[in-house]
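Peer 1: First the structure, then my questions, so here it is.
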Amino acid sequence: MTAIIILLCFILVSVVVVQIGKVTELTAQIKGERATLKDNSLWNAWIGLVFLVGFLVAVIVSAYRMRNLMFGYGPLKSASEHGVVLDSLFNITLFFTGIVFVLTHIALFYFAFKYRYKEGRKAKFISHDNRLEIWWTAIPAVVMAFLVVRGLNAWNVVMADVKEGEDHIEIEATGQQFNWIIRYPGADGKLGTRDFKMTTGNNQLGQDFRDAKNWDDIIPGQELYLPVGKKVRVRITAKDVLHNFDLPHFRVKMDAVPGMPTYFVFTPKMTTSEFRQELRKYPEWNEPFDVADPSGPKRWEKFEYELACAELCGKGHYSMRRVFRVVSQEEYDAWVKTQESFYLTQIHNKDGKEAEDPFWDQTLPLEAAAIEKKLSDDVKSAGESETPSAKSIRLDNIHFATGSANLTTDSKYELDALVNVLTKYPTLNISLNGHTDNVGDAAANLELSKQRAASVVNYLSTRGIGASRLRSAGFGDTQPADSNEKPSGRRKNRRVEFNVLNALPSDEPES
Ligand SMILES: [Cu+2]
């Protein structure tokens, strides 16, 4: 319906324009060409002047009214250190182009007015004027040189990379249709290497897990944090098409180019809550965030620093929005502690990820602390529990050479953790139980499971745990924990468990 009305209006306006044209032609014929031309040019000249004034006033008024929406003005001051340099660069450019903008418009309409048609006036043609040529080449050249030099200076300040050994954090942003994969370096402060040939459905970034720097790398969920006052270097890449890493409040904007890593270094100088307090001073930010809920939170309370993709990379482009929260160093450290390593939680020794895991069925040194914590917690709850199943604790990180009772070297992390737990609870007595899968001869399996349990007991004894506290038993394939049909089930069945034999006194030390 609306479309039909718009179409009708369009047709009617066209008819009116054609009719006005016809009437003008007729009057011209009646009054004579010359007189009409004179009338028309006087009208045009005055309309031009009125337009000039109206236009310039509108430009100034709208810029003034919209100033709080413009970066660098009102509340939207730069939240990063280098942003101030860029904002001043924009201001200086705006100053010079503003002068040119106003002057050329005045000249354009003023000359149209001054040199409107007058009877008997002849046009004067200047074929060449050296003085004019020099002026209108020299002035823009000087202004341009000034702007370009300032721009180059700003570029050198803004794009300066971190120096060798300079304190900073490096994160990585990989653009893909349609989200940003953000990677943090974990406790070692270093991002692991990537190889695009290693990209799989499970390993989206193609992280090379043979590189120990990858082991603790974090790929956080929706929430991203940065510490205030700390230099951040963002490594920027793309997996498919051009994207653009844009943090407007920090004046950070850089293309993410497939096959060509780029970077941006910036230092956030205002936390999210400080920026909110700044916005709070402006009435438009005190309006309700949700118009349907006038008593709900105000706009300033819901403000977040946004990461956008500033490249039209496809139809889901808008959905690449992410939020960065800038907080104090302490809050940032606390957040990092809650984040788990992508490799350890998603790939390492996880069912079905064997192809991606170069350390399959092995335990890594950085797992030791978590293993000990889990063992200690399990023993504590086993000591408190009455149910027999809770008394049995599986040792996930103890491995043997195939078909033998020889412990692999990486088993020491969990064995040492067990030694520490047994030392922590001096009254704790345990029984170690070996189990196998059902591959091969049952009698041989039974024997192997006994030897394996004994080999764990042997290790614990050599580390100073009294023999009276330890028992061992083997059950072969008689007590499977899972089906023996699949490799993953058989893997679960090959195991050493221990049973907590006595209740722990309630005055045992807290962890
Ligand atoms: Cu994009």
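Peer 1: If each residue of separation counts as 0.36 nm, what is the full-extension length gain between TRP46 and ARG325 once their alpha-carbon separation is subtracted? Numbers along the way, then the final one.
Peer 2: On the way: separation 279, 0.36 × 279 = 100.44 nm, distance 5.56 nm.
Contour length minus Cα-Cα distance gives 94.9 nm.
Peer 1: Straight-line reach from LYS31: which lysines have Cα under 24 Å away, leaving out those fewer than 8 places along the same chain?
Peer 2: By straight Cα distance, LYS31 reaches LYS22, LYS118, LYS122.
Peer 1: Also, I was wondering about something else. Could you work out the pair-distance distribution P(r) of segment 365-500 from its alpha-carbon pairs, with 5 angstrom bin width and percents rounded to whole numbers?
Peer 2: Whole-percent P(r) values from 0 Å outward: 2, 10, 20, 24, 21, 14, 6, 2, 0.
Peer 1: I would also like to ask the following. Quick one: if you stick a label point 7 Å off each Cα along the C-beta vector at LYS77 and ALA334, how many nm between them?
Peer 2: For the pair LYS77/ALA334, the computed spacing is 2.8 nm.
Peer 1: Okay, next question. Residue by residue through segment 127-139, what is 3J(HN,Hα) from phi via Karplus (6.51 cos²θ - 1.76 cosθ + 1.60, θ = phi - 60°)? Round to whole Hz and write x for glycine and proline.
Peer 2: Whole-Hz 3J(HN,Hα) from phi for segment 127-139: 7, 7, 8, 4, 4, 4, 4, 4, 4, 7, 8, 5, 4.
Peer 1: Starting from the Cα of LYS239, draw a straight line to each of the lysines and keep only those under 20 Å, dropping any in the same chain fewer than 8 residues away.
Peer 2: Within reach: LYS197, LYS253, LYS315.
Peer 1: Give me the net charge for the shell around THR27: Cβ to Cβ below 12 angstrom, other residues only, Lys and Arg +1, Asp and Glu -1. Provide the component values of the computation, followed by the final result.
Peer 2: Details: positive: LYS22, LYS31; negative: GLU25, GLU33, ASP39.
Computed value for this residue: -1.
Peer 1: Another question, then. Work through the residues other than ARG233 whose Cβ is under 9 Å from its Cβ and net out their charges, Lys, Arg +1 and Asp, Glu -1.
Peer 2: On the way: positive: LYS231, ARG235; negative: ASP161, GLU170.
So the environment of ARG233 carries a net charge of 0.
Peer 1: What does the helix-only formula give at 222 nm for the chain: each DSSP H stretch with n ≥ 4 adding -39500 (n - 2.57), the total divided by the residues, and the result rounded to the nearest 500 deg cm²/dmol?
Peer 2: Working: 10 runs with 200 residues, N = 511.
Computed ellipticity for the chain at 222 nm equals -13500 deg cm²/dmol.
Peer 1: Based on alpha-carbon centroids, what's the gap between segment 230-245 and segment 421-486 in Å, whole number please?
Peer 2: Rounded to whole Å, the Cα centres lie 50 Å apart.
Peer 1: Now for a separate question. Please say if segment 224-318 is rounded, prolate or oblate, where rounded means a/c under 1.5 for a ≥ b ≥ c the square roots of the C-alpha gyration tensor eigenvalues, and otherwise the choice is prolate for a/b larger than b/c and oblate otherwise?
Peer 2: Working: a/c = 3.53, a/b = 1.64, b/c = 2.15.
It comes out oblate by the Cα gyration axes.
Peer 1: Per residue Cα convex hull volume for segment 169-347, in cubic angstrom?
Peer 2: Details: hull volume 24.4 nm³, N = 179.
Measuring per residue, one finds 136 Å³ for the Cα hull of segment 169-347.
Peer 1: For segment 45-120 and segment 1-24, what is the separation of their C-alpha centers, rounded to whole Å?
Peer 2: 34 Å
Peer 1: Continuing with the same structure: How many percent of DSSP beta bridges within the chain run antiparallel, rounded to 5? Each step should come with its number before you reach the end.
Peer 2: Numbers: 37 of 55 bridges.
Restricted to the chain, the bridges split so that about 65 percent are antiparallel.
Peer 1: Mind pulling up the Rg/Rh value for segment 325-428? Radius of gyration and Kirkwood radius, both on Cα. Could you put the intermediate results ahead of the total?
Peer 2: Values: Rg = 16.9 Å, Rh = 16.1 Å.
Here Rg/Rh amounts to 1.05.
Peer 1: Please report the net charge: other residues with Cβ closer than 14 Å to the Cβ of ILE218, K and R +1, D and E -1.
Peer 2: Values: positive: ARG183, LYS190, LYS213, LYS337; negative: GLU170, GLU172, ASP188, ASP216, ASP217, GLU223, ASP333, GLU340.
Overall, the nearby charge balance is -4.
Peer 1: Obtain the nm distance between the two label points defined at TRP136 and THR408 by a simple spin-label model: each point lies 7 Å from its Cα along the Cα-to-C-beta direction.
Peer 2: 8.0 nm
Peer 1: Tell me, HIS243, HIS399 in order of fewest to most beta-carbon neighbours within 10 Å? Don't skip to the answer; put the middle values down first.
Peer 2: Details: HIS243 32, HIS399 19.
By the 10 Å Cβ count, ascending, the order reads HIS399, HIS243.
Peer 1: Which entries in the list LYS77/LYS302; LYS350/LYS373; LYS163/LYS374; LYS77/LYS190; LYS350/LYS450 go over 29 Å, if you measure between the two C-alpha atoms of each? Intermediate results must be reported in sequence, preceding the final value.
Peer 2: Details: LYS77/LYS302 18 Å; LYS350/LYS373 20 Å; LYS163/LYS374 41 Å; LYS77/LYS190 32 Å; LYS350/LYS450 27 Å.
Flagged as over cut-off: LYS163/LYS374; LYS77/LYS190.
Peer 1: On to the next question. How large is the translational diffusion coefficient of segment 1-72 in µm² per second when you combine the Kirkwood radius over alpha carbon pairs with Stokes-Einstein at 10 °C and 1.306 mPa s? Before the final figure, lay out the partial values.
Peer 2: On the way: Rh = 16.3 Å.
It comes out at roughly 98 µm²/s.
Peer 1: Roughly speaking, what % of Cα-Cα pairs in segment 273-327 are separated by over 18 Å, rounded to a whole number?
Peer 2: Numbers: 725 of 1485 pairs.
When every Cα pair of segment 273-327 is considered, 49 percent fall beyond 18 Å.
Peer 1: Please arrange GLU25, GLU367 by how many other C-beta atoms lie within 10 Å of their C-beta, fewest to most. Walk me through the numbers before you get to the answer.
Peer 2: Numbers: GLU25 11, GLU367 23.
In order of increasing Cβ crowding within 10 Å: GLU25, GLU367.
Peer 1: How big is the Kirkwood radius of segment 260-411, worked out from every pair of different alpha carbons and given in Å to one decimal? Don't skip to the answer; put the middle values down first.
Peer 2: Values: mean 1/r = 0.0464 Å⁻¹.
Final number for the Kirkwood radius of segment 260-411 is 21.5 Å.
Peer 1: Let me ask something additional. Within segment 169-347, what percent of beta bridges assigned by DSSP are antiparallel, to the nearest 5? Don't skip to the answer; put the middle values down first.
Peer 2: Values: 25 of 38 bridges.
Taking every DSSP beta bridge within segment 169-347, about 65 percent pair in antiparallel fashion.
Peer 1: Counting other C-beta atoms within 10 Å, which of ARG491, ARG251, ARG34 has the fewest, and how do the rest follow?
Peer 2: Working: ARG491 17, ARG251 23, ARG34 11.
By the 10 Å Cβ count, ascending: ARG34, ARG491, ARG251.
Peer 1: Separate question: So how many Å³ per residue does the convex hull of the Cα atoms of segment 22-168 work out to?
Peer 2: Working: hull volume 26.9 nm³, N = 147.
Convex hull of Cα atoms, per residue: 183 Å³.
Peer 1: Express in whole angstrom the spacing between the alpha-carbon centres of segment 333-405 and segment 129-167.
Peer 2: The two parts, judged by their Cα centres, are 59 Å apart.
Peer 1: With no solvent and one point per C-alpha, what does the Debye sum give as log10 I(q)/I(0) for the chain at q = 0.06 Å⁻¹?
Peer 2: Taken in order of the listed q values, log10 I(q)/I(0) reads -0.55.
Peer 1: Using θ = phi - 60° and the Karplus relation 6.51 cos²θ - 1.76 cosθ + 1.60, list the HN-Hα couplings for segment 76-85 in order, rounded to whole Hz, with x at every Gly or Pro.
Peer 2: Going residue by residue, I get 8, 6, 5, 9, 10, 5, 6, x, 4, 4 Hz, with x marking Gly and Pro.
Read the figures in this text as sums done on the coordinates, not as results from a lab. As the structure is a prediction and not an experimental result, all values here were calculated from the model. Heads up, the Cβs are rebuilt from the backbone with ideal geometry, glycines too, and the neighbour counts pull from every protein chain shown.
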